[in-house]
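Student: This is the structure, below, for whatever I ask next.
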Amino acid sequence: MAAKQTVLGQGTHVVGEVRGDDALVVYGRVEGRIQISEELTIEPGAVVQADVEAKSVVVSGVLVGSIVATLSVRLTSKARVVGSISAPSVGIEAGAAYRGRIEMGDVDVQRSASASADKGRSATVPAAAAKAPPRLASPSKVAPATAPTAPARPATVAAAPPRTVSAPIRPTTAVAQQPAWARKKATKRR
Amino acid sequence: MANTVIGTNITIEGEIRGEESLTILGTVKGKVAVAQGLIIEAGANVEADVEAQSVTIAGKLMGNVVARERLEVRPEGRMVGDAKAARFVIADGASFKGNVDMDV
């Protein structure tokens with residue numbers, strides 16, 4: 001494993017793209033992009049100006065650029081980092097200097113969360129429209145049976161008609177938005 | 001410790017400059033310029049113009065070479081490109097195609 005390890009020494013300066021399936025240790029300078037499927041170690045004295053992608057990243061030197069790790073990111077006490085970090089696990093030791101945005105957790109989880117949120121929004125609109133008619137119908141049927149709650153029902157009946165009114169409005173606004181797309185597409189096609 | 005080694009499964013596209021020796025086992029495309037020795041090991045694939053004090057080729061090199069001291073193509077080495085070196089060794093079994101200039 002040690003023989004397969006890639007080392008960029010102190011006096012070495014790489015401009016461009018480094019990628020592969022080996023572990024990479026940087027003592028020198030890298031400008032551009034690093035994309036490896038094993039561990040990336042940026043040693044003290046190293047200067048990396050690159051967007052970095054690896055299984056895990058340990059920074060003890062200077063790194064300017066975004067970090068994406070599938071496992072973990074660790075900034076040691078000697079690290080100086082500017083850029084966003086995205087990894088399931090992020091550790092910053094005391095003494096490290098960092099500026100940027102950190103995102104933990106899997107990207108898939110975020111996507112599914114945002115997707116379910118969108119589904120929730122779109123689902124509430126038809127649900128409200130679907131629930132409105134039964135509410136209108138139910139007071140007329142139930143009202144004679146229970147007298148004490150009768151005062152409350154006119155309120156629900158009064159509230160219900162605006163819902164039924166507002167429900168048809170939404171489709172019309174949606175239809176109003178569609179021509180804007182249709183027009184753009186139509187003009188492009190022409 | 002700090003010598004530069006580019007492993008078998010690593011690809012570098014771009015420019016490598018160095019003040020020390022460089023050993024390539026993987027793939028390099030672009031340009032390589034090091035102050036000391038450059039070793040292209042067996043299995044390595046380099047498509048680059050290369051400049052170093054001494055160059056040893058046991059892998060595959062496509063590109064021009066400037067060696068300030070010595071250029072050696074080992075028996076398992078393959079080289080296509082122009083070679084400029086003070087001393088030039090082509091081992092028996094090596095493959096070479098290009099111009100040679102030994103008047104540095």
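The values are calculated or read from the model by the stated rules, or taken from the named source; none is laboratory data. Keep in mind it's a predicted model, so treat the numbers as computed, not measured. So basically every Cβ, Gly included, is an ideal-geometry build from the backbone, and we count neighbours across all protein chains shown.
Yes/no per residue for (1) crowded, with 23+ Cβ neighbours inside 10 Å; (2) over 25 Å from the mean Cα position of the chain (by Cα):
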position: A:ASP21; (1), (2): no, yes
position: A:ILE34; (1), (2): yes, no
position: A:ASP51; (1), (2): no, no
position: A:SER86; (1), (2): no, no
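Student: Checking B:THR4 against (1) at pLDDT below 95; (2) within 14 Å of chain A (Cβ to nearest Cβ); (3) more than 19 Å from A:GLU31 (Cα to Cα), which test does it fail?
Tutor: All conditions pass for B:THR4, except number (3).
Student: So, one more: Among the residues in the range B:92-103, are any within 14 Å of chain A (Cβ to nearest Cβ) and either outside any loop (DSSP other than H, G, I, E, B) or within 28 Å of A:GLN35 (Cα to Cα) (or both)?
Tutor: For the range B:92-103, residues within 14 Å of chain A (Cβ to nearest Cβ) and either outside any loop (DSSP other than H, G, I, E, B) or within 28 Å of A:GLN35 (Cα to Cα) (or both): absent.
Student: Please give the strands (runs of 3 or more DSSP E) falling wholly within the range A:1-88 in which 1 or more residues are under 20 Å from B:THR11 (Cα atoms) and either hydrophobic (A, V, I, L, M, F, W, C) or more than 8 Å from every other protein chain (Cβ to nearest Cβ) (or both).
Tutor: Strands (runs of 3 or more DSSP E) meeting the threshold: A:6-8, A:12-20, A:24-26, A:29-36, A:39-42, A:47-59, A:67-75.
Student: Looking at B:ALA48, B:ALA85, B:ALA91 in this structure, which one is crowded, with 18+ Cβ neighbours inside 10 Å and more than 21 Å from A:VAL7 (Cα to Cα)?
Tutor: That would be B:ALA85, the only listed residue that is crowded, with 18+ Cβ neighbours inside 10 Å and more than 21 Å from A:VAL7 (Cα to Cα).
Student: Moving on to the next point. Within the range B:12-29, restricting attention to residues that are farther than 15 Å from A:THR12 by Cα and surrounded by 18 or more Cβ atoms within 10 Å (Cβ to Cβ), which residue is nearest to the other protein chains (Cβ to nearest Cβ)?
Tutor: B:GLY26
Student: Now for a separate question. Could you tell me which numbered condition B:ALA85 fails, if it satisfies all but one of (1) away from chain A (no Cβ under 14 Å); (2) within 29 Å of A:ALA54 (Cβ to Cβ); (3) in contact with an Asp or Glu (Cβ under 8 Å, 6 or more places away or on another chain)?
Tutor: Status for B:ALA85: all satisfied but (2).
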